[in-house]
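Here the structure comes first, spelled out in structure tokens, and everything after it is commentary.
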Amino acid sequence: MRNFLSRALAVCSLLGACHAVQAEPQALASVYTVQAPQGQWVVRALTHATHCPGIAWDGQPPVAMHLRAAQGTVAVRRDAAQADSKPAIFDVTSCEATWPAHAQSARIEGQAVPAPPKQIERILIVADTGCRLKASENAFQACNDADQWPFAQIAQSAARLQPDLVVHIGDVHYRESPCPAGNTGCAQATWGYGWDAWRDDFFKPAAPLLARAPWLFVRGNHESCFRAGQGWFRFLDALPWTDQRNCNTPDNDADGDFSEPFAAMISDSAQFIVFDSSKSSGKAYAPTDPAFLKYQKQLQAAAELTTHKAQNFFINHHPLLAAAPSKDPHHFKAGGSAGLQSVFETLEPDRLFPPGVTVAMHGHVHVFEAISFQSNHPVSLVMGNSGSLNEGQAPHVIKPTDRIYKNAVVSNYAARSEYGFATLDRSVKAGQASWLLTEYTPQGQPVIRCHVQNGKSDCQ
């Protein structure tokens, strides 16, 4: 049936009479645009129909989108993260189409698709957005309370700021276990790794932002293969789908848990370096560990990518230079990933990041932090406070004697432990690019502003 409809769409495109071959509008579950490697942008459509819809470029007759992943039910993995895991039901078809370089607009079943920006001036940043339901930690967030899970409010406020690009720095999916009986805060919340949990944890609350601008997705540890990796590859991953990288079986995790790094363009002089740290350990690796060797090779590839642009924003989920939250905000504790540090220091023993990296951007730690260094370390931005359960308070102050990592000496520090999101606004003066980093409340009120330039930040 799918092949027949694909051929019919191709034929009707040639004849200019495609209106008769359309999926039912109510079947369309979500439409969005993803930034991909090598300057490409990919349109995704999720539909309850078993075939892919047509996409109309610049008002022309629609042509069939390509199948990324068919509907299906995936059995519980033998290494599932939660003992109460259930089969993942994906009752939506994942479809995609590469945005042609010449196209200015696109529609799917009459619905407008966010177009790639001609220039990226405002970047909006979220991370760790989902509602935590996790039996192994007895952690059940009040998904039904907009104050205790504010991601929907954040998405609405953020959409009003009209970003050119939205960046999600990982941990999209948090609904791993059923809400306990009698818990009204999360009563009737969907859970598991199938479409219904992905819909309610991300696609439904994020809808205003998905309709407003394209997205760049970075993978977090919640999207590793033994957790929500199957949905990650179906819905969000920017790289091509393969049977070896779908997380359906642990036998392929050596590929599935280690995506290759790639560059995503910001401007003629700036780019993101996207690095998949989803499976990284909190403890230092032995040099013979397969994960160590895998990450080391990928870091070498990422370092080569940084040589192509003057400004490089290294973006991965787990921070390397950060302060850890605690119950006492007057107490300092370093919060960088020891596993990644043990790999990165083999290439850059003190700086950790390649010389071309001016800013490092992360989530994972559920606070906002902007850290600039007197020493030769890039600005470190941690922005994991966009919805998931808070885990403590960031330190109020980092003293010159506090060490985030070895000889890293902090010169400017700003932090916020409450929920929020951030923007990066680009400006160019006398040929020099700088960025204004702004941290907002869920309601869209600015609370922290930082000037970022030449690998340093100054926060007010």
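Tabulated data for the structure shown
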{"read-out": "Length gained when the stretch Val397-Asp350 is fully extended (0.36 nm per residue, less Cα-Cα span)", "value": "14.6 nm"}
{"read-out": "Two-site label geometry, Ser427 and Gln111: point separation in nm, points 7 Å out along Cα→Cβ", "value": "3.8 nm"}
{"read-out": "Extension reserve of the Ala207-Thr288 stretch, reckoned as 0.36 nm per residue once the Cα distance is removed", "value": "24.7 nm"}
{"read-out": "Exposure proxy order (Cβ contacts within 10 Å, fewest to most) of Val166, Val428, Val31", "value": "Val428, Val31, Val166"}
{"read-out": "Percent of beta bridges antiparallel (DSSP, segment 349-460, rounded to nearest 5)", "value": "90 percent"}
{"read-out": "Segment 177-231: C-alpha gyration tensor shape, a/c 1.5 cut-off, then a/b vs b/c", "value": "oblate"}
{"read-out": "Charge context of Ala263, other residues only, Cβ under 12 angstrom, K/R +1, D/E -1", "value": "-1"}
{"read-out": "Ranked list, fewest to most other Cβ atoms within 10 Å of each Cβ, for His308, His168, His48", "value": "His308, His48, His168"}
{"read-out": "Relative contact order of segment 69-222, pairs being alpha-carbon contacts under 8 Å that are 6 or more residues apart, as %", "value": "27 percent"}
{"read-out": "Residue-by-residue Karplus 3J(HN,Hα) for segment 446-460, coefficients 6.51, -1.76, 1.60, Hz, glycine and proline x", "value": "x, 10, 9, 10, 9, 8, 10, 7, 6, x, 10, 10, 10, 9, 10"}
{"read-out": "Antiparallel bridges, percent of DSSP beta bridges restricted to the chain (to nearest 5)", "value": "75 percent"}
{"read-out": "Shape of segment 197-343, Cα gyration tensor, a/c cut at 1.5", "value": "rounded"}
{"read-out": "Violating pairs (Cα-Cα greater than 29 angstrom) within the set Lys283/Lys309; Lys204/Lys294; Lys118/Lys456; Lys297/Lys429", "value": "Lys283/Lys309; Lys204/Lys294; Lys297/Lys429"}
{"read-out": "Exposed trypsin sites (Lys or Arg not before Pro) absent - longest run of the chain, DSSP non-H/G/I/E/B, at most 11 other C-beta within 10 Å", "value": "119-282"}
{"read-out": "Extension gain, Lys327 back to Gln244 (0.36 nm per residue minus Cα-Cα distance, nm)", "value": "25.6 nm"}
{"read-out": "Helical mean residue ellipticity (222 nm; -39500 (n - 2.57) per DSSP H run of 4+; nearest 500) of the chain", "value": "-3500 deg cm²/dmol"}
{"read-out": "Ranking of Met65, Met383 by count of other Cβ atoms within 10 Å, fewest first", "value": "Met65, Met383"}
{"read-out": "Relative contact order computed over segment 355-457 (Cα-Cα under 8 Å; 6+ residues apart), in percent", "value": "26 percent"}
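Bear in mind these aren't lab numbers, they're just calculated from the coordinates by the rules spelled out. Here the structure is a predicted model, which means the values were calculated and not measured. Note: ideal-geometry Cβ built from the backbone for every residue, glycine included; neighbour counts use all protein chains shown.
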